[in-house]
Amino acid sequence: MITARKTKNTISEAVLDFLKEHNVSLKDININLISEKIFTNKKQYTVEIIKRQSINSFSSLTENDKQTLKTLTEKILTEMYFNNFNIDIHQEHNYVFLKINTNGKDGLLIGKNGQNICSLQYLLSIIIDKKLKKHIPLIVNIDSYYEKHINYLKNRIKEIAEKLINEKAEYITELLPPNERKIIHEEIAQYNSLKTFSVGKGTYKKVVITSLL
């Protein structure tokens, strides 16, 4: 395994250096952000780049796993003072969908701009992975929030892509779950002049969309 640390004005520049030095492609590396420094007119990133780091694969849920996830979710919702809710768990396309119906209080659980549902999904993902000792790609859905959010994400990525096509630059997202990162990678794959790669450790990572590679 080859590991290197690089400091550049963009993450893309550091990655490009590594790819050229070791004659590898984006799919063969993992990138971790070590530090980000902000100056008056520029930024500076230090990244750790690793060749051929193992990637967690999808693990199916047993019936006991589903019950563990359901019980954990019920406990968290009860602590949040929700009651009379229904929980449905099913697997689809290598993801575990956890659908919650709160009987009239869906908006409260979703939160402003989806803050509550995103926090709930993040919390459940961390706890269930540690509890079951295997990686479970989890998607929490309430009402039709997931479908609306994915539609918004695709439109937002299109706007970013069209801007980057006309300039040499990169765009870095916030921390995102695996399913949202996958959507970004697939959407950007339609543009020949743009590339994407994930940055970070664990389940939630950032995505870099770049015209510099």
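The values are calculated or read from the model by the stated rules, or taken from the named source; none is laboratory data. Since this is a predicted model, take the numbers as computed values, not measurements. Positions of Cβ are generated from backbone atoms using ideal geometry, with glycine treated the same way; all protein chains shown enter the neighbour counts.
Looking at K105, K168, can you tell me which residue is more than 27 Å from V15 (Cβ to Cβ) and modelled with pLDDT under 95? Break it down into steps so the answer makes sense when it comes.
Working: K168 fails: more than 27 Å from V15 (Cβ to Cβ).
Result of the check over K105, K168: K105.
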(request) Identify, by number, the condition in (1) within 23 Å of S25 (Cβ to Cβ); (2) touching a residue at least 24 places away in the same chain (Cβ under 8 Å) that A189 doesn't meet. (result) (2)
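Condition check ((1) touching a residue at least 12 places away in the same chain (Cβ under 8 Å); (2) under 18 Å from C118 (Cα atoms); (3) surrounded by fewer than 18 Cβ atoms within 10 Å (Cβ to Cβ)) across all residues:
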{"residue": "I160", "(1), (2), (3)": "yes, no, yes"}
{"residue": "K163", "(1), (2), (3)": "no, no, yes"}
{"residue": "N166", "(1), (2), (3)": "no, no, yes"}
{"residue": "T173", "(1), (2), (3)": "yes, yes, no"}
{"residue": "K195", "(1), (2), (3)": "yes, no, no"}
{"residue": "S198", "(1), (2), (3)": "yes, no, no"}
{"residue": "T203", "(1), (2), (3)": "yes, yes, no"}
(request) List the number of the failed condition for S35; all other conditions in (1) in contact (Cβ under 8 Å) with a residue 24 or more places away in the chain; (2) touching a Ser or Thr at 6+ places or on another chain (Cβ under 6 Å) hold. (result) (1)
(request) Report yes if I117 is buried (at least 16 other Cβ atoms within 10 Å of the Cβ), touching a Gly at 6+ places or on another chain (Cβ under 9 Å) and part of a helix (DSSP H, G or I), otherwise no. (result) yes
(request) Confirm whether R156 is surrounded by 13 or more Cβ atoms within 10 Å (Cβ to Cβ), under 14 Å from the mean Cα position of the chain (by Cα) and either of a type outside the set (V, I, T) or closer than 25 Å to I29 by Cα (or both). (result) no
(request) State whether one or more residues within the stretch 95-103 are closer than 17 Å to L69 by Cβ, in a helix (DSSP H, G or I) and outside the structural domain of E36 (by TED's automatic domain parsing). (result) no
